[in-house]
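First the structure, in the form of structure tokens, and then the observations on it.
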Amino acid sequence: MAKDQLPTISAPAGPAGAEGLDLPPGFDRDRMMEVLKIKEQANEKFRAGDYFSAKCLYSGSLEMLERCCLHLDRADGVWEGIKNNMALCDLKRQEWGRAVETTSEILQRNAKNTKALYRRGVARIGQNKLKDAREDLESVVELEPENADARHKLAEILKQLRANRTAEKEQADKLRGFLRGERIDDTVPITEDGSVRKLHGNENSPLFASWIKRSWLEEKSGVVGVLTAHVVMKTPSGKELLNTRKPPGALSTELGAAGPSGGPRGAERPAEPARWVMDDAWGSVFKGWNSAGKTLQLYELGKFEVARHQMGPSVEPTLRRCLQTWLSDATAQRQLYGDLEEAAQQAARRRQAVQILGFPEEFCLEEETDSGSTLTMEMELLESAEFVDVDGDGKYLLQTIKEGNPGAGGAMVREMSTIHAHFRIAKLLMNYALKDTRLGLANGASGLVLRADRSKEPVEFVLGEELCASEGDFVPPCVGQCLKLYPGPVTEGTHFEMILRDGVPIREMEKDIHSAFSDGRYAGLPDTSGPVCIRIEVEKVTPACEGPADRQWKGLETMVAERRRAEALEALEEGRHRDAALRRWRRILRWFDEIFASRRWKTEGATTGGSMYDLQWDDAAEPAPLAAPFQFTAEAAEAESLEQRTATVEKVPQGMEVEDALLQQLSPEELGEFAAAHAACAELLGGATSQQHGRCAVQACRLTTVPVAVEVRGRSALAWRLAENGKAEEALAVLKEAQALDPQNTALRDQAAKLNQQDSQSKSVTTLEALKSLKHDLNDSLEAKDVLGLKALLQELDSLPLTWEAAAETKIGKEVGLCAKLSDPAVAELAQSIIARLHKLAKQERPLWVR
């Protein structure tokens, strides 16, 4: 049996185990049975892999044994067994020092305990004390020559000791040769296993660059280093596999792997150097590249020999994580691949994962099988930069390239600001640009090429409304979200880069892609770009007006401009941007809250003296502090996506119940804007708030003449909300006034028909229940010959809004007919009148084929 396996317990928890210990009945026997029982529980925990709990139980059984049972003849053997098991738990948890201490205690009592010798030898191997471990294992082999495990471990130690002696001798020889001026070696290992080796031209140059900061290598330091370098990878025979100095796809074209002849050829993209985070905990860079980059000085061209397992296999965990997160075996994925064989599906999914992460396909499409093969690499380090961890979790990394100039005009980026900026969104590792506003088409030697054009005008967009732009002016929303996430004010002239480890939705890259995802045409495709780096250069900021207190406030002109923007957003793309329009409408209403607050004194003349100058001013008040550019929601700190992380709090308008006297302080034009904003909110919102908006719109319409379209919209929206709350009669009354304003409006006619139908159905249900009750009461009164009761019931029936459906379903005409035949003239006349009503309803409401 192997020495690192738990032995079967020698004394099971039962009478047979106690007899095996040859103990007489009584207290000693019971205590030993308890010790063995706890030991068996520890064994079960060990077999389940819970080594910590197992050791705790072993310790408990040992304590009981030492307190109650050490005087027994066979207690020493049980004590050694428990101690050995405790040492085995320490080995499993790689607590080498504790294992050595425990086994040494055993060997002080019994120097020939082979299990303790073996386990102490293994623990000393873990401590890298190979000579001490050899002595323990040699003792085991001497005591148990047939012990295969001990012989195997001893052979490994002897082999390692020989290798260490050889390495020490080689190092000494190299040092002597170096002192004599001899060349030591063509390559120097820069990794512990020697899988990455650097070709040195100067033996005195350091193996690690001086520009590396200690904080870049420490976890949770809040900063990381980002390297930019050109990389050329070749096979030992000289065949190029990757060259970042050449445009993407250039090597495939050289090898004859171009597209089909006669097909359109895309413009050639510019060559870009690779970029990666040094010692990346997210695993987004090859270990070979990371190790080599740390040995180079800026602008040094280094040559390396890299083992293949330091390339693709080093990012395999990242690939698997991407497959699990974005390319899981979902229904949409299965439909996308159709009837492809499983192997082909797996290969296609792996290729997608490689493309998402931006890894070179030459090293990642297939898992590496030849661990001994090598590649040659040239790397030129172009730049090293420090990025700050924005949230402390490594998801968002920021580098400020250039601070803005707030003194030039004080324009600071806020919600709905109009921004002129250049931006570039690129894959993190291979630096492939997904979107670059400076790239333009030019004629090259082999056709059209994309080149950086410094003279291009920046793009213009409204922060928070990026998706509302047309195709040519489309700006990915992640650009605006990065501006929000920037820790501090963003002003004109601010240049910064932000690395997003989880990427951004790929639907946000282009307008047509966004439409395809929204329509469900791309349901089976992963909606992520993979890790990206976004560079933003802000050139001009036109802040949105914040309200009447803002210097840009121009009164009615500002409100009209805001209303027109909201109306344009509502009409855009068949109402897809109604949420953006709603934000604009509610902004207008917040402005009116401020206007009402500033004009309320006019309605309080009796208490203030009739003049605003009679108010008491606080001259000693401190100036209000400058508000932060953005106020994020409480959930933003723990959000998963960038969109949720930058979600801001929207202030809700408060003026839902404004007295007429205060509204009359507004000009007719202002009242029209007030009514338009409330009417739009009533239509776009839902619930009780929507009804309040509708009442405010109708209230404003009563005080002045507003455009017919505004009043119709407000009354129509209020009618819908009233009907939803079961107030059909009031809804119809409100809608009737809207129809009087626009008799030709077909939408109003359709709405009225629907509300009338709902009202009649509601009344029919109410009448039906009343008729059922009256029918029962009429039968009782007829049987009792209660004339007065019959008269009262018939009067109640006559007052109901009778419908043919209700009368036909309850068949109440039978009881009314019996009442008409009674001798009492008052009852008979009343019953005959009701029968006449029923006949009239029958002619009007029964279908023609029944008549």
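All but one of (1) under 22 Å from Gly49 (Cα atoms); (2) free of Cβ contacts under 8 Å to residues at least 40 places away in the same chain; (3) open to solvent by 40 Å² or more (accessible area, probe 1.4 Å) hold for Arg134; which doesn't? Status for Arg134: all satisfied but (1).
For beta carbons closer than 7 Å, sequence separation of 6+ or different chains, a first residue in segment 678-698 that is surrounded by fewer than 24 Cβ atoms within 10 Å (Cβ to Cβ) and a second that is in a helix (DSSP H, G or I) and among the basic types (Lys, Arg), the qualifying pairs are Glu683/Arg713; Leu684/Arg578; Ser690/Arg721; Gln691/Arg721; Val698/Arg715.
Does segment 748-759 contain at least one residue that is over 25 Å from Gly686 (Cβ atoms) and surrounded by 16 or more Cβ atoms within 10 Å (Cβ to Cβ)? No, segment 748-759 contains no residue that is over 25 Å from Gly686 (Cβ atoms) and surrounded by 16 or more Cβ atoms within 10 Å (Cβ to Cβ).
Any idea which of Ala111, Ala99, Ala87 is touching an Asp or Glu at 6+ places or on another chain (Cβ under 6 Å) and under 22 Å from Val141 (Cα atoms)? Criteria check complete, one pass: Ala99. Of everything in segment 222-238 that is assigned to a loop (DSSP other than H, G, I, E, B) and not β-branched (Val, Ile, Thr), the residue that is modelled with the lowest pLDDT is Ser237. If you go through segment 629-644 and keep only what is open to solvent by 30 Å² or more (accessible area, probe 1.4 Å), in contact with a helix residue (DSSP H, G or I) (Cβ under 7 Å, 6 or more places away or on another chain) and within 13 Å of Leu500 (Cα to Cα), you end up with just Glu643.
Taking segment 705-726 as the range and being modelled with pLDDT of 85 or more and among the polar types (S, T, N, Q) as the test, the residues that pass are Thr705, Ser716. For segment 821-851, filtered to residues that are modelled with pLDDT of 85 or more, open to solvent by less than 20 Å² (accessible area, probe 1.4 Å) and not β-branched (Val, Ile, Thr), the residue that is farthest from Gln795 (Cα to Cα) is Ala828. Of everything in segment 487-509, what is open to solvent by 50 Å² or more (accessible area, probe 1.4 Å) and touching a residue at least 60 places away in the same chain (Cβ under 8 Å)? Give them in sequence order. The answer is Pro487, Pro489, Glu492, Asp502.
If only residues of segment 442-468 that are small (Gly, Ala, Ser), touching an Asp or Glu at 6+ places or on another chain (Cβ under 8 Å) and assigned to a loop (DSSP other than H, G, I, E, B) are counted, the one that is modelled with the lowest pLDDT is Ser446. Of the residues in segment 239-258, none is at pLDDT 75 or above, exposed (fewer than 12 other Cβ atoms within 10 Å of the Cβ), in contact with a strand residue (DSSP E or B) (Cβ under 9 Å, 6 or more places away or on another chain) and not hydrophobic (A, V, I, L, M, F, W, C).
Where residues in segment 207-221 are open to solvent by 50 Å² or more (accessible area, probe 1.4 Å) and over 35 Å from the mean Cα position of the chain (by Cα), which of them is modelled with the highest pLDDT?
Applying the filter and picking the extreme gives Ser210.
Looking at segment 189-206, which of the residues that are open to solvent by 60 Å² or more (accessible area, probe 1.4 Å) and either within 29 Å of Ala271 (Cα to Cα) or at pLDDT 85 or above (or both) is farthest from the chain's Cα centre (by Cα)? Among residues in segment 189-206 that are open to solvent by 60 Å² or more (accessible area, probe 1.4 Å) and either within 29 Å of Ala271 (Cα to Cα) or at pLDDT 85 or above (or both), the one farthest from the chain's Cα centre (by Cα) is Gly201. Among residues of segment 154-171 that are without any contact (Cβ under 8 Å) to a residue 40 or more places away in the chain and within 24 Å of Asp136 (Cβ to Cβ), those with a Cβ under 6 angstrom from a residue that is in a helix (DSSP H, G or I) and open to solvent by 70 Å² or more (accessible area, probe 1.4 Å), sequence gap 6+ or separate chain, pair up as Ile157/Arg134.
Each row is one residue, and each column tells you yes or no for (1) of a type in the set (Gly, Ala, Ser); (2) crowded, with 17+ Cβ neighbours inside 10 Å.
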| site | (1), (2) |
| --- | --- |
| Ser373 | yes, no |
| Glu378 | no, yes |
| Ser384 | yes, yes |
| Asp391 | no, no |
| Gly394 | yes, yes |
| Ser417 | yes, yes |
| Ala469 | yes, no |
| Val475 | no, yes |
| Leu485 | no, yes |
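Taken over segment 734-759, the residue count meeting the criterion of being touching a helix residue (DSSP H, G or I) at 6+ places or on another chain (Cβ under 9 Å) and either in a helix (DSSP H, G or I) or among the hydroxyl-bearing types (Ser, Thr, Tyr) (or both) is 17.
Name the residue that is surrounded by the most Cβ atoms within 10 Å (Cβ to Cβ), counting only residues in segment 552-571 that are in contact (Cβ under 8 Å) with a residue 40 or more places away in the chain and more than 18 Å from Leu685 (Cα to Cα). Per the criteria, the residue is Met559. On the basis of being at pLDDT 90 or above and of a type in the set (D, E, K, R), does Glu471 make the cut? No: the conditions fail for Glu471.
Looking across Gln335, Gln297, Gln355, Gln346, one residue alone is open to solvent by 40 Å² or more (accessible area, probe 1.4 Å) and either at positive phi or within 23 Å of the chain's Cα centre (by Cα) (or both). It is Gln355. Applying the criterion of at least 1 residues that are basic (Lys, Arg) and crowded, with 18+ Cβ neighbours inside 10 Å to the helices (runs of 4 or more DSSP H) found wholly in segment 49-109 leaves 51-68, 75-92. Among the residues of segment 397-415, those identified as closer than 30 Å to Ala581 by Cβ and either modelled with pLDDT of 95 or more or buried (at least 17 other Cβ atoms within 10 Å of the Cβ) (or both) are Ala411, Met412, Val413, Arg414, Glu415. In the condition set (1) in a helix (DSSP H, G or I); (2) farther than 20 Å from Ala426 by Cα, Tyr522 is compliant with all but (1).
The values are calculated or read from the model by the stated rules, or taken from the named source; none is laboratory data. This one's a predicted model, so the numbers in the text were calculated from it and none came from an experiment. Glycine also receives a Cβ, built like all others from the backbone with ideal geometry; neighbour counts cover every protein chain displayed. Calculation scope for accessible area: heavy atoms of the full protein, side chains included, ligands and nucleic acids excluded. Shrake-Rupley method; radii C 1.70, N 1.55, O 1.52, S 1.80 Å.
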